[in-house]
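Single-structure report; data block below.
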Amino acid sequence: MGDFNQTVVLDAIRRSSAGLSRVELATISGLSAQTLSNIARRLLEQELVIESGKVQNGRGKPRTVLTLNPSARFAIGVHLDPAVITFVILDLSGQVVAHSTRRTPLTPDAGVVITEMGEAVTALLAEAGVDPERVLGVGVASPGPIDAVRGIVVDPPHLLGWHRVPLRDSLSAATGFPVVLEKDVAATAVAEIWGSHSESPENFIFVYLGTGIGMGLVSSGTVLRGTSQNAGEVGHIVVDPAGPDCFCGLRGCVAVTCMPRNLVEEAVRAGVQPHRVNAADPGAVEEAFLQLCAKARDGDAAARAIIDRSARRVAKAVSVLTNALDVDRVVFGGPYWPVLAEAYLDLVPRTLRSLTVAPHPADLRVEGTAFGTDVGAVGAACTVFDKAISPDTRRLLLGH
């Protein structure tokens, strides 16, 4: 109970940009003045908060304001995408203090990739001058499916040779830190929750646009991870009945119409791209896809038609979930969001609202993430903080 109460107080301070006095914290948390005083003392001793001045509210003694100490703790975030690996270091306030990227090695040997990830983490810490003793751990966002209990990545379709790879334990051995494994779309949703500073429950869908497409689901401020922690798979939602056959037996699924490799194939058939690319090489697919997006932005009508069509298809897939979950916000992000943002923000809201059955579809907001292409890595780091310092009522249960 004491640990839970401390996380409640620390979270309240974190969410307040101006800081809070002990009296304000007691009001917010419902804790007694004595309990709050004890918690504040512990937080100060652990250097998680600092006293940052006094405020005078009416008569009486000025109140001391407690604010978060951002440099007290750090978390490392790693986002493993088949095309690129992103690394960030976050301070306790959620600000990125260091960032780097590396091309994902095109090899069936997962051990080679994990070794490079460990080396990149060590290099980034040294570059940022962060004391490893202040690092709570590493969060890694990985394509699914994952076995969250065992920390295993299970046959992700776009990572060649990754069959039941023990990523959590292997990366922990490579870095020397405890590691939290999170599915990539869940991590993006965690980033949005942590970065919002909102005190009201949030209900939104995060649409991840990378080598693959997935959706993170948030209801009442909680990420919906599902029984196996693999919620968010949308590859077999039908968005174009006239589209190509999918290996699942349906036609026109997201998996065969909306992924970058599918759009590149469309561009080849339309004569927009001169030749086919190796679909098994994420780097080659990325290069061709970026060329397609550049042509669309530069006014190539055929290229723009392909991108516009993809926006409408994705909107149809999103509408299935907005209608099922009755959310009021859709957030887009991921490695390819910057090159798709203009077309998607133009077409997705209109298409989505025409398919939404909620009473007030005009209130459905569609926006891009504030975290840019780093959102997966930021979310992975936030999962470390989330497990360490966020209030979780499950901690009140015996055995947790």
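Bear in mind that the values in this text are calculations on the coordinates, not laboratory data. The shown structure was predicted, so the numbers you read here are calculated from the model rather than taken from an experiment. Positions of Cβ are generated from backbone atoms using ideal geometry, with glycine treated the same way; all protein chains shown enter the neighbour counts.
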Query - Added length on full extension, which subtracts the Cα-Cα distance from 0.36 nm per residue, Leu325 to Leu250 - result: 24.6 nm
**Report entry** Rg followed by Dmax, in Å, when the stretch 180-239 is reduced to its Cα trace
**Finding:** 11.7, 36
Report task. Collect residues whose amide H, placed 1.01 Å from N in the peptide plane, falls under 5 Å from the amide H of Val135; neighbours closer than 5 in sequence don't count. Result -> Phe74
Query raised in the report: Which of the aspartates and glutamates could be linked to Lys54 by a straight reach, that is with a Cα gap under 17 Å, when you skip same-chain ones fewer than 8 residues away?
Result: Glu24
Query raised in the report: Treating the beta-carbon of each Lys and Arg as +1 and of each Asp and Glu as -1, no other charges, what is the dipole magnitude of the stretch 32-172 about its Cα centre, to the nearest 20 debye?
Result: 880 debye
Report task. May I ask you to list the GluC sites (Glu not before Pro) in the stretch 226-309 that are in a DSSP loop and have at most 13 other Cβ atoms within 10 Å of their Cβ? Result -> none
Report summary line: Taking Cα pairs closer than 8 Å and at least 6 residues apart, the relative contact order of the stretch 145-275 in percent is 15 percent
Report summary line: Mean projected area, convex hull of alpha-carbon positions in the stretch 263-305, reported to one decimal in nm², is 2.5 nm²
**Report entry** 222 nm mean residue ellipticity, helices alone, for the chain (DSSP H n ≥ 4; -39,500 (n - 2.57); rounded to 500)
**Finding:** -13000 deg cm²/dmol
Report task. Could you list which residues have their amide H under 5 Å from that of Arg251, counting only those 5 or more apart in sequence or on another chain, with H placed in the peptide plane? Result -> Cys246
Query - Hull volume in cubic angstrom per residue (convex hull over the Cα atoms of the chain) - result: 165 Å³
Requested in this report: Run the dipole for the stretch 1-90 about the Cα centre, Lys and Arg Cβ at +1, Asp and Glu Cβ at -1, nothing else charged, and hand back the magnitude in debye, nearest 20.
Outcome: 500 debye
Report summary line: The Cα extents of the stretch 82-146 along the principal axes, largest first and rounded to whole Å, are 35, 23, 18
Report summary line: In whole Hz, the Karplus estimates of ³J(HN,Hα) for the stretch 321-331 (6.51, -1.76, 1.60; θ = phi - 60°; x where Gly or Pro) are 7, 5, 6, 6, 9, 6, 8, 10, 8, 10, 10
Requested in this report: Pop the C-beta distance of Glu51 and Asp131 into the FRET formula with R0 = 30 Å and round what comes out to the nearest 0.05.
Outcome: 0.85
Query raised in the report: What are the residues whose amide H is under 5 Å from the amide H of Arg329, where those residues sit 5 or more places off or on another chain and H is modelled from the backbone?
Result: Ile205, Arg365
Query raised in the report: Phe4 to Ala242: extension gain in nm, 0.36 nm per residue of separation minus the Cα-Cα distance?
Result: 80.4 nm
